[in-house]
Amino acid sequence: MTNNMAITMRYVGKHGIVRPRDLEALGIPREYLLRLYRRGKLSRTGRGVYTLPDAAITERHSYAEVTKRVPGAVLCLLTALAFHEITTQNPSSIWIALGKGARTPALESPSLRIARLSGPSLTEGIETHRVEGISVRVYSAAKTVADCFKFRNKIGLDIAIEALRDCLSQRKASINDIYRYAKICRVSNVIRPYMEAV
């Protein structure tokens with residue numbers, strides 16, 4: 001095995017999921033990923049996404065893969081609810097937030113749903129979690145509940161109410177935290193009666 005192949009294998013082992021541009025940043029030509037894949041040393045989990053064949057693939061693998069392929073994305077709405085284990089929702093698509101002017105990613109798999117945000121509603125409430133060695137950005141539980149009310153026409157008011165109720169009963173966030181993000185997302189008047197009823 002050449003020196004570049006050995007370096008590539010170590011890099012993939014350390015970082016979990018690797019794209020060709022990651023290698024090019026190290027000064028290694030991208031074809032080394034393909035060579036290692038053809039030799040059975042690497043697995044390809046998606047277009048331009050490589051891992052070790054024996055990598056521990058978790059149920060959150062698609063979150064890490066989307067983060068790697070769409071670097072500016074933040075997991076939001078139903079995906080963030082599932083990430084925080086709030087509500088019974090299990091979305092078939094990965095929900096991500098992108099800025100209003102950001103390019104729409106062209107991914108065949110996994111399926112994406114995109115929420116367009118701007119200003120503080122895009123940048124506030126972001127947490128970073130490690131998933132399969134990748135830093136995944138996801139909105140906090142409180143911000144996610146506020147977003148559910150903001151996008152209630154897309155996901156359904158019943159889901160937003162369930163998210164609020166479950167978030168509070170599981171103590172994932174306080175009423176004050178949720179209300180703070182509701183103001184940022186400009187839904188404080190919408191969410192207030194439901195908060196009073198809970």
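The values are calculated or read from the model by the stated rules, or taken from the named source; none is laboratory data. Bear in mind that the values here come from a model prediction, so they are computed numbers and not experimental data. Neighbour counts run over all protein chains shown; Cβ positions are idealised from the backbone, glycine included.
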### Task
Please list, ordered by first then second residue, the pairs with beta carbon atoms under 6 Å, 6 or more apart or interchain, first in region 17-35 and free of Cβ contacts under 8 Å to residues at least 12 places away in the same chain, second exposed (fewer than 13 other Cβ atoms within 10 Å of the Cβ) and in a helix (DSSP H, G or I).
Arg30/Glu24
### Those residues of region 29-57 which are over 13 Å from His15 (Cβ atoms) and more than 24 Å from the chain's Cα centre (by Cα), in sequence order
Pro29, Arg30, Glu31, Tyr32, Leu34, Arg35, Leu36, Tyr37, Arg38, Arg39, Gly40, Lys41
### Task
Considering each residue of region 93-112, count those that are touching a Leu at 6+ places or on another chain (Cβ under 9 Å) and in contact (Cβ under 8 Å) with a residue 40 or more places away in the chain, and give that number.
1
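Rundown of residues vs (1) part of a loop (DSSP other than H, G, I, E, B); (2) in contact with a strand residue (DSSP E or B) (Cβ under 9 Å, 6 or more places away or on another chain); (3) under 23 Å from Val66 (Cβ atoms), yes/no style:
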site	(1), (2), (3)
Lys14	no, no, yes
Arg21	no, no, yes
Glu24	no, no, yes
Lys41	yes, no, no
Tyr50	no, yes, yes
### Query
Is it fair to say Thr45 is of a type in the set (Ser, Thr, Tyr), in contact with an Asp or Glu (Cβ under 8 Å, 6 or more places away or on another chain) and in the same structural domain as Thr8 (by TED's automatic domain parsing)?
yes
### Message
Of the residues Ile134, Ile126, only one is at pLDDT 90 or above and surrounded by 15 or more Cβ atoms within 10 Å (Cβ to Cβ); which?
### Response
Ile126
### Matching residues in region 94-137 - criterion: being of a type in the set (Lys, Arg) and under 14 Å from the mean Cα position of the chain (by Cα)
Arg113, Arg130, Arg137
### Message
One residue is enough: does region 78-85 have a residue meeting the conditions over 21 Å from Arg19 (Cβ atoms), surrounded by 15 or more Cβ atoms within 10 Å (Cβ to Cβ) and at pLDDT below 90?
### Response
no
### Task
State all residues of region 108-123 that are in contact with an Asp or Glu (Cβ under 9 Å, 6 or more places away or on another chain) and crowded, with 16+ Cβ neighbours inside 10 Å; if no residue qualifies, say none.
Ala115, Leu117, Ser121
### Message
Cβ-Cβ distance below 6 Å, separation of 6 or more or different chains: which pairs start in region 144-169 with a residue that is surrounded by 24 or more Cβ atoms within 10 Å (Cβ to Cβ) and end on one that is outside any helix (DSSP H, G or I) and hydroxyl-bearing (Ser, Thr, Tyr)?
### Response
Ala163/Thr87
